[in-house]
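Beneath this line is the structure, given in C-alpha cells, with notes to follow.
The values are calculated or read from the model by the stated rules, or taken from the named source; none is laboratory data. Remember, predicted model here, so these are calculated numbers, not experimental data. Ideal geometry is used to build each Cβ from the backbone, glycine not excepted, and the neighbour counts take in all protein chains shown. Calculation scope for accessible area: heavy atoms of the full protein, side chains included, ligands and nucleic acids excluded. Shrake-Rupley method; radii C 1.70, N 1.55, O 1.52, S 1.80 Å.
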Amino acid sequence: MTTLPYIYRWDRQGRKGQPCELLIRAKAMNSCLVRFADGYTMVTSRNALRKNKPQST
C-alpha cells in the first residue's frame with residue numbers, strides 16, 4: 001500500500017491522526033474532499049491536514 005500524503009489533525013468523527021489523501025481542493029471556504037485508508041470520505045477544512053513525513057528506517 002502506498003503512503004498517504006496527509007495526516008488528519010482534528011478530532012472529528014474519530015479520525016484524528018489517521019493518514020488520508022486529498023481528492024479535491026476548493027477555493028471556497030478553504031475546503032477539500034479527503035479519503036482515508038479505509039475508503040471513508042469527508043469534506044473538511046484544509047487547515048485540518050498536515051503533510052505526512054516519510055518514515056526514516
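Can we say Ile7 is assigned to a strand (DSSP E or B) and touching a Cys at 6+ places or on another chain (Cβ under 7 Å)?
Working: assigned to a strand (DSSP E or B): yes; touching a Cys at 6+ places or on another chain (Cβ under 7 Å): no.
It is false that Ile7 is assigned to a strand (DSSP E or B) and touching a Cys at 6+ places or on another chain (Cβ under 7 Å).
Return yes or no: is Arg50 among the basic types (Lys, Arg), open to solvent by 40 Å² or more (accessible area, probe 1.4 Å) and at pLDDT 95 or above? Give the steps one after another, and end with the answer.
Details: among the basic types (Lys, Arg): yes; open to solvent by 40 Å² or more (accessible area, probe 1.4 Å): yes; at pLDDT 95 or above: yes.
Yes, satisfied.
Name the single residue, out of those in segment 11-36 being assigned to a loop (DSSP other than H, G, I, E, B) and within 10 Å of the chain's Cα centre (by Cα), that is surrounded by the most Cβ atoms within 10 Å (Cβ to Cβ).
Keep residues of segment 11-36 that are assigned to a loop (DSSP other than H, G, I, E, B), which gives 11-18, 26-27.
Filter again for within 10 Å of the chain's Cα centre (by Cα), leaving 15-18.
Working: Arg15: 20, Lys16: 12, Gly17: 10, Gln18: 16.
The residue in question is Arg15.
Under 6 Å between Cβ atoms, at least 6 apart or on separate chains: pull out the pairs that start in segment 9-20 with a residue that is within 11 Å of Val34 (Cβ to Cβ) and modelled with pLDDT of 95 or more and end on any residue that is assigned to a strand (DSSP E or B) and not hydrophobic (A, V, I, L, M, F, W, C).
Arg15/Tyr8; Gln18/Tyr8; Cys20/Tyr6; Cys20/Tyr8
What are the pairs, 6+ residues apart or on separate chains, where a residue within segment 38-57 that is among the basic types (Lys, Arg) has its Cβ under 6 Å from a residue that is at pLDDT 95 or above and surrounded by 13 or more Cβ atoms within 10 Å (Cβ to Cβ)?
Every condition considered, the pairs that remain are Arg46/Cys32; Arg50/Ile7; Arg50/Arg9.
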